[in-house]
Every structure is written in C-alpha cells, then in structure tokens.
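See structure below.
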C-alpha cells in the first residue's frame, strides 16, 4: 500500500496500491474545472460581439489634483451623432459632449479632465444616434487619492 498525506489532517492515510496517483489526478481535474468556471464567470458578457465603443481612461489611480485623459474609440457608423463623456464622484461632476458626423467622424476622440479633486470616479461614455437615443454606454472606475499637500 502507498502512503499519502491527507490535506485535512496531519497523519498519513493508507491507500491501495496506485491510488496515490489517482488521488493526485482527481485533485488536478477538480482544480482545472474550478479555474475554468472562474474564467468563464469573469468574462465580459459581450465577448466576441463587435463593440460600438470602447473606453480607455488613464491613469486609473492617481493623486489629486488629477488630470485624466479619456479616449473613446467608436466604430464608424452613419447613425453616430454625438458622444458624451462624464466624470462623476460623490462630490464632483464634469461632462463634455462632442458632435459626430456619422461614419466620417474620427474613430478616436480624446477628452481631458483637469484638476479633479480626490474621490472615486465613474467615467462614463455614452454614444448617441441620429434620433437622440443611446447606442452604447461604457463605464470605467478611476481612483483619485488625496495627496496630503497642505495638511
């Protein structure tokens, strides 16, 4: 009989010949299954779908007063008429809107928000269509940390 250590106790268990290998194989299968489930659960729901708009905010974490650079990349479409970018925290709100000329508009639009005070911000980009309806919305969180200056 082979000896194998039990992970829930400190004594060795007696296993039949060859069982130690099966025990290790089963544990690896369980780990692989759990990792696969976790990966599937954390995938975006729109994976594989063509996104109308993506958002990149940098930096994601910074010290106040912060200057954020926001880039909205928009798929060319004749229906695109405007994009609005909002930076909002519990104590602060700032927004900017630009008009888009349908499928002739630039694919990437850059916005800058200067001197943002400390807080946790939700940066939201909303793409509007020709009739004024929302075609896409994308969000990203940014943390602006109090710098401690003047304290």
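Some notes on this structure:
- Of all residues making up segment 116-151, the number that are modelled with pLDDT of 95 or more and within 17 Å of residue 62 (Cα to Cα): 14
- Candidates 27, 20: the one that is modelled with pLDDT under 95 and out of contact with any strand residue (DSSP E or B) (no Cβ under 6 Å at 6 or more places or on another chain) is 27.
- Complete set of residues in segment 68-94 that are more than 21 Å from the chain's Cα centre (by Cα) and either within 18 Å of residue 132 (Cα to Cα) or surrounded by 18 or more Cβ atoms within 10 Å (Cβ to Cβ) (or both): 76, 77, 78, 79, 80, 81, 82
- Matching residues, segment 76-110, being assigned to a strand (DSSP E or B) and free of Cβ contacts under 8 Å to residues at least 40 places away in the same chain: 88, 93, 94, 95, 96, 97, 98, 99, 108, 109
- Selection of segment 111-151 for residues being touching a strand residue (DSSP E or B) at 6+ places or on another chain (Cβ under 7 Å), in a loop (DSSP other than H, G, I, E, B) and in contact (Cβ under 8 Å) with a residue 60 or more places away in the chain yields only 147.
The values are calculated or read from the model by the stated rules, or taken from the named source; none is laboratory data. No experiment lies behind these values; they were computed from the predicted model shown. Ideal geometry is used to build each Cβ from the backbone, glycine not excepted, and the neighbour counts take in all protein chains shown.
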